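Below: one structure, written as structure tokens.
The values are calculated or read from the model by the stated rules, or taken from the named source; none is laboratory data. Values in this document were obtained by computation on a predicted structure and should not be read as measured data. With ideal geometry, Cβ positions are generated from the backbone for all residues, glycine too; neighbour counts draw on all protein chains shown.
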Amino acid sequence: MAVSAQVSKGEQSSRSRTGMETTTRLRGVRAVRLSVLTDETTSPERQRDACDGAAAALGIDFDGREAVDLDVSASKTTPWDRPELGVWLHRPDEYDVIVWWRFDRAVRSQGDMHELAKWASEHRKMLVFAEGVGGARQTFDFRNPMDPVTRMMLNQFAFAAEMEAWSIKERVMGAQAAMRKMPLRWKGGRPTYGYAIADMPKEHGGVGKTLVPDPDAVKVIERIIRELLDGKTINKLCQELRAERIPTPRDHWSLKAGRKTGGKTGGAKGETTVRDRFNWVPSVIRKVLTSPALLGWKMHGGKPVRDSEGAPVMVTADPILKRPEFDRIARLFEDRKLGPHDRHDQKSKLLRVIHCAGCGSRMYHMSNKRGNVQRASYKCTAHLTGLVCPAPVAIRADWVEEYVEREFLSAVGGLHLEKEVITPGYDPAPELSETLAEFEEHQRQKGRQKSKAARQAWQERADALDNRLAVLEGTPKVEEKRERVSTGRTIAHEWEASDDQGRRHLLLEAGACLLVRKGTRGGWRTLDESRVTFELRDAFYREAARELRAHHEEAENENRPRVPEQGGTQLRIQEGAMQTAA
């Protein structure tokens, strides 16, 4: 029989399945695999020792031939998809046998084992498991293609291995489900950016793991929040974080785990890109700051895990943010949303500022190339939205951008900026809305449960959500407190320090509007200022500009020097509203 649990002393010179005697030693490949690699593991050495013992008994020489795949899951990858074993499987002429420690080092599914047996039969190979079912060595000899017993036995053992894998998976999932309900208990895996895994403190039972704030990550999160509230754009912030080589959340975790930074990332459809380091981009910052995990909540499937009363279960005793702070940051991102057309017009310095006088619609930044000259302009695009403009216009971008900057700073450049320091209050409305949405989604599953246990579990969650809604409805709203503090800066100072998006927001904050009319003959050499009308439509800015102009005129009439730029009317702008994000 091709399947043997024990090997006799004469096995090295035994007859093969073809009846021919073999006295030559077999060329072997030693296959080592590990699903999770840690610094403490000794499994690779143990696997090598077991394989070497089987090789010595069977007359196999490895002679440096080895496939080592560490941190590779057999449940998620076929033998052909593994970095080193896959290479050897495509070079069958260089060896006669592959030796593994156990079945689960080779495959975790019957389908993979079937394909491996098919491959071994086609290429006349032997598959050896140093410790097979029951702990005894097992040899599967596919050098005789006419023998169906070997493949049948191998598939039976593979089926047993697959059932074992499912059993392990169910036990793990059951344990994780139980731990999700345990306050402060971390189930394992990579924590949300901002937290680190630590031993459970004795005052909380001392069993298992929990999460604590990660000082390095928290420092970055606090910086991001502070600079966004101070008005810095998300794009500018991403540029600075990249320039300072601050690790992104994925790279941060890799460094903490002692691994290399970077890895695969998405590209065009069906393609992947490999990077040495990942980049900070607006979507990463948005994801980090809007995750309820910053509140210390346990999350599963994108939803908070709740206790029997409907309250979110905490995974840490020291959350990074409190609810008022979290809601304030969420509002900040809501305020900075751009429309779909605006998102694709980031080169425009005058987006939502410049309009066509013929139809009142926005003008958009366009790039034109004439010969070797690249020239940008703003054009009326009413026709793209189905409108008919009676007098569509186009105008050179550099002309109107310089004109708007001159007029804007002349009108309000000397105004002082104030920011509001806000002490957050608490509004239960955001969490109430989220919980209600979760409750309504849960209600849609009503009546679909077939078993009594499922109906009971459904009802328990419905009662918990209902209870949480009642608690939130009975929680009073606490108003935030605001205090105005001078920044010591003027609009001119802020304009000089800002990027294009920051300057655009300064214009929008003041209600700046530039209307452009049709040009006249010969108006291509320079800006014909009779074509344009610039105004500030915000009442406060308009009045402040009027007062500043009156001060200047009074100073000139009395033969006094002009009021220096740092003087003038005090301008009050809420903290965090100075610039928009892309």
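For segment 464-480, enumerate the residues that are assigned to a helix (DSSP H, G or I) and either among the hydrophobic types (A, V, I, L, M, F, W, C) or in contact (Cβ under 8 Å) with a residue 60 or more places away in the chain (or both). Ala464, Leu465, Asp466, Asn467, Arg468, Leu469, Ala470, Val471, Leu472, listed by residue number. Residues in segment 523-558 that are under 26 Å from Tyr364 (Cβ atoms), in a loop (DSSP other than H, G, I, E, B) and either without any contact (Cβ under 8 Å) to a residue 40 or more places away in the chain or touching a strand residue (DSSP E or B) at 6+ places or on another chain (Cβ under 8 Å) (or both): Gly523, Trp524, Arg525, Leu527, Asp528, Arg537, Asp538. Counting only residues that are over 25 Å from Asn235 (Cβ atoms), not basic (Lys, Arg) and not in a loop (DSSP other than H, G, I, E, B), segment 294-324 holds 8 of them. Consider segment 278-335 and keep the residues that are small (Gly, Ala, Ser) and touching a Lys or Arg at 6+ places or on another chain (Cβ under 8 Å). The one that is farthest from Leu465 (Cα to Cα) is Ala311. The number of residues in segment 520-549 that are within 46 Å of the chain's Cα centre (by Cα) and polar (S, T, N, Q) comes to 1. From the list Pro201, Pro215, the lone residue that is farther than 19 Å from Arg277 by Cβ, at pLDDT below 90 and out of contact with any Asp or Glu (no Cβ under 9 Å at 6 or more places or on another chain) is Pro201.
The single condition among (1) modelled with pLDDT of 80 or more; (2) in the same structural domain as Ala293 (by TED's automatic domain parsing) that Asp112 does not meet is (2). If you go through segment 62-101 and keep only what is assigned to a helix (DSSP H, G or I), among the aromatic types (Phe, Trp, Tyr) and crowded, with 17+ Cβ neighbours inside 10 Å, you end up with just Trp88. When the residues of segment 425-451 are filtered to those that are acidic (Asp, Glu) and either part of a loop (DSSP other than H, G, I, E, B) or over 27 Å from the mean Cα position of the chain (by Cα) (or both), the one that is surrounded by the most Cβ atoms within 10 Å (Cβ to Cβ) is Asp427. Does Leu241 meet the test of being in contact (Cβ under 8 Å) with a residue 24 or more places away in the chain, in the same structural domain as Phe333 (by TED's automatic domain parsing), more than 18 Å from the chain's Cα centre (by Cα) and under 22 Å from Thr290 (Cα atoms)? Considered against the rule, which asks whether it is in contact (Cβ under 8 Å) with a residue 24 or more places away in the chain, in the same structural domain as Phe333 (by TED's automatic domain parsing), more than 18 Å from the chain's Cα centre (by Cα) and under 22 Å from Thr290 (Cα atoms), Leu241 comes out as no.
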